[in-house]
Amino acid sequence: MAKKKKEKKADPPAADEPSPEPTPTEEAETPPSEPEPEPEQESPPESAEADAKGPAASGGGSGGNLLSLALTVLLAGGAAGAWFYTDKSRAEALEKGAGDLLASVNALAEQGRFDEARNRLKTLRSGDLAGAEAAKGGSGIAAKEALVAAKEKELIDRLRRDWDQARERELARDWAAAISTYTTLGAAGSGATVAAPFHDSAKAGLARVDAKKKRCDALADGKTATAAGDWAKARESLSAGEAVVLATIEDDARAFLATDDDRRADGAKEQEARDALAKEFEAAKSAVANGEQRRTVLEEADLAFKRGQWEEAGAKYAAAKALGDLDAEALQNSKVCEYETLLLKADAAKNSGKFDEAAALCDQAGALAVNDRWETAKADVESARKRAQFDAQIAAARAMEKEGKFDDAIAAFRAAEAMVDGALAADARLPAAGIADCTVRRAHAASDWDGVLAVTGFTDAVQPLVDEAKAKKTAAADLTAGMVAVPAGLYKFGDDADPQASPAFECRVEEFLIDAREVTNAQYREFVKATGRAAPKGWDSPDHAADDQPVVGVTWEDARAYAAWKGKRLPTELEFEAACRGGAATRFPWGDEPDQSKCNGKESGHGKPLAAGATPANGLGIHDLSGNVEEWTSDFWQKYPTPYAPRAEGKVVVVRGGSYAVPLDQCRPGSRSFRPPGDSRLNVGFRCALTRK
């Protein structure tokens, strides 16, 4: 029994392929067996993009299922298909289906659905569809396979470029650009299997960039707090930054780079970037530590500056500058410290006679342009230089005079006279007096009394005065016998290391004469015999009574009385020290180290005074100013005042020089001691001095 003709319902077309033409309805004879049931028609897709979104969970999506069903029917052939199509219509349908299937591959490739595209091409390569496509004289399958491969390569290359660009921006700390690029990478090639690792990499990259940004932001906050001096906040920010964990990148898209060398290069760059960031944190932490230390040093510098401790303050400011930049006030203070220190050094050099050095230091201070005190300081240096040159010239002239070189001495005095200017006006009489003295002495040395008279303005009418002058000159020669001249000049006194002799200072002393040896027992016996004064108690001791030993056991008044009897006086404290130093700047007259062979001190072991003059003379030819016996001076004891001035009265008198009974250290030129005026000891004697006329 013939059946009613059936009409096949066509599937709705996929979004990416043309709809197949409907198959014409034909009458067919009833096959000998039961006809196959009509295939179940699936619901059409909701939109034209349904097929383009890929296979559903059931496998293939709506468009793919319908197309597969059509192909299955077309390819079935045999008895089951003969009733449905004629041979012609079947061939046409196969050609049309193959073309549509090829066309759908384009859309799938553009959407990155490369696995689906390859599956459809695999279907085309099997059965009658391949023949149908070939019958048209085309090579569409191979072309589409090449297209799919090219599109897949193009996507992978683009993903790699995006990943490289994201990494470059990440390594360059361009966080906004890196986030944008990783976001783009995470959305690119959606649905493509090959894009999945890059999507994972983009997600990991975003997390990594976020962590790095947090760490760098914390670093920036720490630096800002450091600049503001908020050390606690700076440390807190830096600690928070270091606590941020940076994930590794071993399992992300770096594994899909082209070569091992590329992977190693990227890993090296990442490690280099992380090392650089770690170094920045270390530098920032050092800056915090340096900042705190710098603040402490600056506080110490400011305190020293306020106290006028210029050298110490300058060193502190320099130390602070080594730890970081100084503000304008600190820089100015540092400049002032350098200026004041230079002036102090210039003053010290001037006082030491280093005038060129002192002038150069003043010029250095002037270059700092702090104020104009450097000009005054330099003028003082030049005045001191002239004073020193003048004193040296006078001393040289007197040395020539002493040697009897009167003509040379007169020339030297005239040279000194030419040096006199406003600063030396008070000393103008010195060279004039020297010239007159040399002229008289030259005439006297030649026994040219007429010459003496001519120089002094005497005439024959006053010959008795000439005779008297001769007598006085002879007496004066006797008076100065055994005495040594100590030249005028600027001398150093005191010792900063000795509480009783500090502070050390400099003072000018005019020329004077002093005995080359202590007054001996023999000399003092003449005084006792002539005046009836009581004998000193030292004569009761056999260790102290020898004629050539210094007289000891005398009071201060005894010593003054003897000096007056001789027409002399006791030396002042400063005269004694100036004579003791003998022109040397060392700790002892002979050097800086004690030497018991040159001084009769306690260490020498004699236990009594040696004969006057028994120890070597100093540079001026004076004996026993250090050691043997202490010696009375004319001054009352006082702590050194500033400026120095002798004391008019007091309870104790200064004794100088040390003795056989005290250590060598107390025999230094700068060492001081004192005794009550009525005291008489077996280690205290004296010598006389005379003002140079």
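The values are calculated or read from the model by the stated rules, or taken from the named source; none is laboratory data. Since the model is a prediction, treat every value here as computed from it, not as a measurement. Glycine also receives a Cβ, built like all others from the backbone with ideal geometry; neighbour counts cover every protein chain displayed. Surface areas here come from the heavy atoms of the whole protein model, side chains and all, with no ligands, DNA or RNA. Shrake-Rupley method; radii C 1.70, N 1.55, O 1.52, S 1.80 Å.
Observations on the model:
- Against the test of being modelled with pLDDT of 55 or more, surrounded by 18 or more Cβ atoms within 10 Å (Cβ to Cβ) and part of a helix (DSSP H, G or I), the options LEU66, LEU121, LEU71 yield a single qualifying residue, LEU121.
- Condition met for ALA579 (farther than 14 Å from ASN628 by Cα, in contact with a strand residue (DSSP E or B) (Cβ under 8 Å, 6 or more places away or on another chain) and of a type in the set (A, V, I, L, M)): yes
- Checked against the criterion of being farther than 30 Å from PHE505 by Cα and open to solvent by 60 Å² or more (accessible area, probe 1.4 Å), the candidates ALA287, ALA369, ALA319 yield just one match: ALA369.
- Test: residue in the range 350-364 that is within 20 Å of PRO487 (Cα to Cα), in contact with a strand residue (DSSP E or B) (Cβ under 9 Å, 6 or more places away or on another chain), touching a residue at least 60 places away in the same chain (Cβ under 8 Å) and of a type outside the set (A, V, I, L, M): yes
- In the range 528-552, the residues that are modelled with pLDDT under 95 form Cβ pairs under 7 Å with partners that are exposed (fewer than 15 other Cβ atoms within 10 Å of the Cβ) and of a type in the set (Phe, Trp, Tyr), at six or more places apart or across chains, as follows: THR531/TRP565.
- Members of the range 257-291 found to be assigned to a helix (DSSP H, G or I), small (Gly, Ala, Ser) and over 22 Å from the mean Cα position of the chain (by Cα), listed by number: ALA265, GLY267, ALA268, ALA273, ALA276, ALA278
- The set of residues in the range 504-533 that are in a loop (DSSP other than H, G, I, E, B), farther than 30 Å from ASP427 by Cβ and either among the β-branched types (Val, Ile, Thr) or touching an Asp or Glu at 6+ places or on another chain (Cβ under 8 Å) (or both) comprises ARG517, GLU518, VAL519, ARG533.
- In the range 534-544, the residues that are closer than 21 Å to HIS606 by Cβ and outside any helix (DSSP H, G or I): PRO536, SER541, PRO542, ASP543, HIS544
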